[in-house]
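Remarks on the structure that follows.
Read-outs throughout are calculated quantities, based only on the coordinates presented, and are distinct from any laboratory measurement. As the structure is a computational prediction, the values presented were derived from the model and not from experiment. All Cβ positions, glycine included, derive from the backbone under ideal geometry; neighbour counts span all protein chains shown.
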Amino acid sequence: MPPFIKGKFFDENTKKRCSQCGKEKYLDAFYRDKTAFLYRSKCIECDKKTNLSYRATPEGKANRKARNERYAIRHPERVKARRSKWEDKNRETLRAYHRQWEKDHPLSVNGYTSKKRAAKSGSEINDLKLSEWAWILQLFKYRCAYCGKKSKRLTQDHVSPLSLKGPHTMANIVPCCLSCNSKKRIGPPLCPVQSVLPLEV
Ligand SMILES: [Zn+2]
Ligand SMILES: [Zn+2]
């Protein structure tokens, strides 16, 4: 069915006048306004120019941002639907992006997961910052505190364990390699081969 505009059906031979440049163009030169089943009043060319001019200045950008935020408040369900549609369409790309991000930011991934775990365990202090974890790693020269081996995948180990409400804070955390980590879980407690931090910041 051809689009229905202002009480009339339009076919592909119909022309429409752009409200900006004033030129008459075929309908395929206009974006469809999907919510209203109409065409936008500006032609695609002019629409693009407007978008670019918005991006050109900081004020324009801020205006656009504010407008988008107002829209999101008025139509949260539309924004949500649009987002999930986009996510469905780009699922693979997103997954690849996340995988790459996790590879590029092992420190952050490590930090987030252990912070979450600490929060779940109900330990009272949960204030380890990523920068502090980075500093601990540097102090231990990127070696496991228990076997002294260098490893790229060091986990945060709580000297006083989380299960006993040990705090998730700098003084209670040492780097631990994956194999020592699993040994620790099933066997007797391991002794750090390096002295645990003499913490003075
Ligand atoms: Zn135009
Ligand atoms: Zn180890």
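When +1 charges are put on Lys and Arg Cβ atoms and -1 charges on Asp and Glu Cβ atoms, the dipole computed for segment 67-108 relative to its Cα centre reaches about 320 debye. Computed about the Cα centre, the dipole magnitude for segment 107-186 is approximately 420 debye when only Lys and Arg (+1) and Asp and Glu (-1) carry charge, each at its Cβ.
Only aspartates and glutamates eight or more places from LYS42 in sequence, or on another chain, were considered; those with a Cα closer than 19 Å are ASP11, GLU12, GLU24, ASP28, ASP33. Each Lys and Arg Cβ is given +1 and each Asp and Glu Cβ -1; about its Cα centre, segment 23-87 then shows a dipole of about 180 debye.
Close amide H contacts of CYS21 (hydrogens built in the peptide plane, cut-off under 5 Å, sequence separation of 5 or more or a different chain): CYS43. Above 18 Å, the calculated P(r) of segment 14-56 contains 25 percent of its Cα-Cα pairs.
The phi-based Karplus calculation (6.51 cos²θ - 1.76 cosθ + 1.60; θ = phi - 60°) puts the 3J(HN,Hα) values of segment 91-98 at 3, 5, 4, 4, 4, 4, 4, 5 Hz, whole numbers, x for Gly and Pro. Between ASP88 and SER160, the simple label model (points 7 Å from Cα in the Cβ direction) yields a spacing of 5.1 nm. Phi-derived couplings, Karplus 6.51 cos²θ - 1.76 cosθ + 1.60 at θ = phi - 60°, listed residue by residue for segment 53-59: 5, 4, 6, 5, 10, x, 5 Hz, with x used for Gly and Pro.
What the phi angles of segment 134-151 give under the Karplus curve with 6.51, -1.76 and 1.60, with θ = phi - 60°, is a coupling list of 4, 5, 4, 4, 5, 4, 8, 6, 6, 10, 5, 6, 9, 10, x, 7, 6, 8 Hz, glycine and proline written as x.
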